[in-house]
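Readers should treat all values here as calculations from the given coordinates under stated rules, not as data from a laboratory. This structure is a prediction, so every number in the text was calculated from the model and none was measured. Note that each Cβ is placed from the backbone with ideal geometry, even for glycine, and that neighbours are counted across all protein chains shown.
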Amino acid sequence: MRKGDHLKLVISALDEEAAGVAMQDNVRVHVAGALPDEEVDAIVAHVSPHRPDAWATLDAVARPSPVRVPPVCPAYGACGGCTLEHMAYARQLEWKKEHVAAALAHAGVSAPVAACVASPRPLEYRNKSKLVYAESEGKPVLGAYAPRSHRVVDLSGCRVAEPPLDDVAGVLRDLLAQHHVVGYDERTGEGLLRYAILRVNHLGQVLATLVTGDAAFTDGEAVARALMAARPAVVGVVQNINRSRGNALYGDDERTLAGEAHLVDRVGAVELRLSSTAFFQVNRDIAARIYADVTEAAALTGTERVVDAYAGVGGIALTLARGAAEVVGIEEHRRAVADAQAAAQINHAVRVRFVVGDVETELARLGAADVVVLNPPRRGCAQGVLRAAAALKPRLIAYVSCAPDTLARDLALLGKEGFVARSVVPYDMLPQTPHVESLAVITPA
């Protein structure tokens, strides 16, 4: 098999990135945009020199799947984001359950997997847009890098972002062009504006963060004032300064160009303060459902000590604080803890405290807890964190995961510490994409 070969394939499955997979000459061929049970024509784009894998471009669908649907986003197939948009939503949910169950089985974890909880909004659910500012085909655009390239795809009309974001992005793009703001070039390090990060809350208010490669932003305040005048829903514009040449999204320094430096968003029963660089789930509805399900599983009586590890801006900790005697939130990022502490004041939560520190170290200092929540990033928990959580001897561990493979690995490790997963529920945090969130309820064996 060589680059440029034309193949006729029968797709048997989807890989982790939701590309179709077919076997040809003992090589696993990945075809983005193809679905199981389809017959497709594809052109080989790359053959791995290290393992029996190849990647091909979809040329035509000779026999379509009954679950194939027309994509609705104008940037479908170009931005690399919504790689399942051509699959009927009900089938997306089934596949995500199967994906979680397969990961658990591969790790030797036996736990019932529930049906994937659907997002109330399969489209227009994202409360945050990360947009690259660049020139494309002779005109300024706010968009995204095409996969494995420095080419920027225009994301105007994006169908998964909440509507205010696309509208504000269009106005901001025109203002940047009027003020002759130059986009940052990752290859040369030249230019100014790297990203525009737009976030919207439950009220439709928008916070804009302009990430620049240097502090000098001569027209920054003028752009900010003009944006807020044109779109009153924009309540603040912040400049974040990221001088690094690496992949970090934000820098350490920032200044407010106009208005507020944060948003307050309501998620379920709590209000959360979100600063310019805050990490927060992009689907408010599903985040609220997870908070509620963690609360139900915890079954608090008002006497318990609860630990929320990887607490972020405090959403789960503040939700649980309503029913616990004490909640301790642990988070290593200082800005997130500042947001969580501010949110505790907003919610009048007096039985919760947040600490900045390494999760394993802080867990070891606590001695005991009745309920432990683990909500790690995609890489999951270090083995030391799992041991420290188990050493607290909780009656329940609620593990919120955004990566099935690391969830399965960590559940297997917790099994060696004397704990067993009683249930796993997948949630569709990111419809139209292969990503899936899960809640595992774990108790002593």
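Here are a few things to note about the model shown:
- Kirkwood hydrodynamic radius of the stretch 151-192, from the reciprocal of the average inverse Cα-Cα distance over all distinct pairs: 11.8 Å.
- Over all pairs of different C-alpha atoms in the stretch 1-154, the reciprocal of the mean inverse distance, the Kirkwood hydrodynamic radius, equals 17.4 Å.
- Mean-position separation - Cα centroids, the stretch 362-408 and the stretch 9-35, in angstrom: 35
- The label point for A62 and the one for H106, both projected 7 Å from the Cα toward the Cβ, are 2.9 nm apart.
- Of interest is the spacing of the C-alpha centroids, which for the stretch 288-311 and the stretch 143-188 amounts to 39 Å.
- Two-site FRET efficiency, R351 against E124, from Cβ-Cβ distance with R₀ of 30 Å, rounded to 0.05: 0.25
- The alpha-carbon atoms of the stretch 116-189, seen along their principal axes, cover 44, 28, 19 angstrom, with the largest extent given first.
- Dipole of the stretch 1-147 [Lys/Arg +1, Asp/Glu -1 at C-beta], most positive-end residue of L131, P147, A56: L131
- Using every pair of separate Cα atoms, the Kirkwood estimate puts the hydrodynamic radius of the stretch 188-271 at 13.5 angstrom.
- Nitroxide proxy distance, nm - points 7 Å out along Cα→Cβ at H202 and D25: 5.7
- Cα-based convex hull volume of the stretch 317-445 per residue, rounded to whole Å³: 115
- Potential extension, E39-D15 segment - 0.36 nm per residue separation minus Cα distance: 7.0 nm
- Fully extending the segment from R322 to R255, taken as 0.36 nm per residue of separation minus the present Cα-Cα distance, adds 20.7 nm.
- Extension gain from A292 to D358, taking 0.36 nm per residue of separation minus the Cα-Cα distance: 21.1 nm
- Taking the C-alpha atoms of the stretch 261-386, convex hull volume expressed per residue in Å³: 99
- Each principal axis of the Cα atoms in the chain has its own extent, and those three values, largest first, are 63, 59, 36 angstrom.
- Beta bridges per DSSP with both ends in the chain, % antiparallel, nearest 5: 65
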